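Inspection log for the structure reproduced underneath, given as structure tokens.
The values are calculated or read from the model by the stated rules, or taken from the named source; none is laboratory data. Here the structure is a predicted model, which means the values were calculated and not measured. Please note: Cβ atoms are built from the backbone with ideal geometry, for glycine as well, and neighbour counts cover all protein chains shown. Side chains included, ligands, DNA and RNA excluded: accessible areas come from the protein's heavy atoms. Shrake-Rupley method; radii C 1.70, N 1.55, O 1.52, S 1.80 Å.
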Amino acid sequence: MARNSEKAMTTLARWHAMKLEEDRGPKQERRPYLSTLCENLPEAEKWRMQIVREIAKKVSQIQNAGLGEFKLRDLNDEINKLLREKSHWERRIRQLGGPDYAKHGPRMLDNEGKEVPGTRGYKYFGAAKDLPGVRELFEPEVSGAPRKTRGELMRDVDADYYGYRDDDDGLLEPLEKEAEVVALKKLEEEWIEKRKQKGKSVPEPAPDIEKQLEEIKNYFIQVPSQTEIEQKIVDMKKKALLEQYVSPEISSKDEEAKKMLGLI
């Protein structure tokens with residue numbers, strides 16, 4: 001049979017355990033593994049806030065550079081995992097008719113007020129940004145020569161850039177003519193060879209290209225100059241005045257005199 005003092009200690013121990021449970025509060029529920037398992041909007045909001053508090057706690061811990069490289073990498077991985085889980089819950093909240101936190105929520109900032117650096121969704125926080133191999137990812141590239149602006153590039157764009165004055169030196173035109181003659185001769189030989197293979201007669205060769213060009217130039221009408229046009233107009237006006245004020249007999253005599261003198 002136990003003594004009275006032992007019974008008292010047992011009672012005290014039970015009372016002490018009961019007070020500890022009261023101080024700890026109600027037993028916390030375990031967060032669902034998948035956000036799709038939650039069908040209640042207030043519960044989804046509660047789990048999202050729980051994740052946000054965990055992220056804030058770990059972000060404050062990762063600011064300590066004395067934790068070591070491995071601990072910092074583990075903390076950074078856990079924060080990124082919680083961020084992905086938070087996005088799942090925000091998507092689920094939007095499906096249940098709640099607000100769109102991903103659209104209206106604030107950007108992720110560090111303790112200096114700058115946006116958290118990272119690539120392809122993976123972010124680096126606190127002292128993790130100074131880890132070996134991480135700092136080099138976000139250092140700006142140093143280029144040797146400064147890049148020219150659009151205005152500076154446009155200063156060098158002129159007629160030579162577009163090839164408008166390639167023929168001014170007189171070197172390109174003879175080369176083009178020579179290449180044209182060679183190309184035409186090659187085409188003519190190929191055409192004659194095809195005609196012979198098909199058993200067809202070959203017509204007489206066409207005259208030389210230079211001769212054809214010369215003949216074409218002979219058919220061109222020479223356009224009079226401005227001085228010649230003005231002289232022609234004056235002569236026509238003189239002729240009209242003579243026909244108006246001079247009799248035909250006088251004009252015929254005048255023409256005969258010019259013929260005798262060789263002026264016509």
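Below are the figures for this structure:
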quantity: Pairs beyond 31 Å (Cα-Cα), from Lys237/Lys259; Lys232/Lys253; Lys19/Lys123; Lys148/Lys177; Lys123/Lys148; calculated: Lys19/Lys123; Lys148/Lys177; Lys123/Lys148
quantity: Heavy-atom accessible area order for Phe70, Phe125, largest first, 1.4 Å probe; calculated: Phe70, Phe125
quantity: Per-selection Kirkwood Rh - the stretch 40-79 (Cα, Å, 1 d.p.); calculated: 11.2
quantity: Efficiency of FRET between Ala17 and Arg135 - r from beta-carbon atoms, R0 41 angstrom, step 0.05; calculated: 0.20
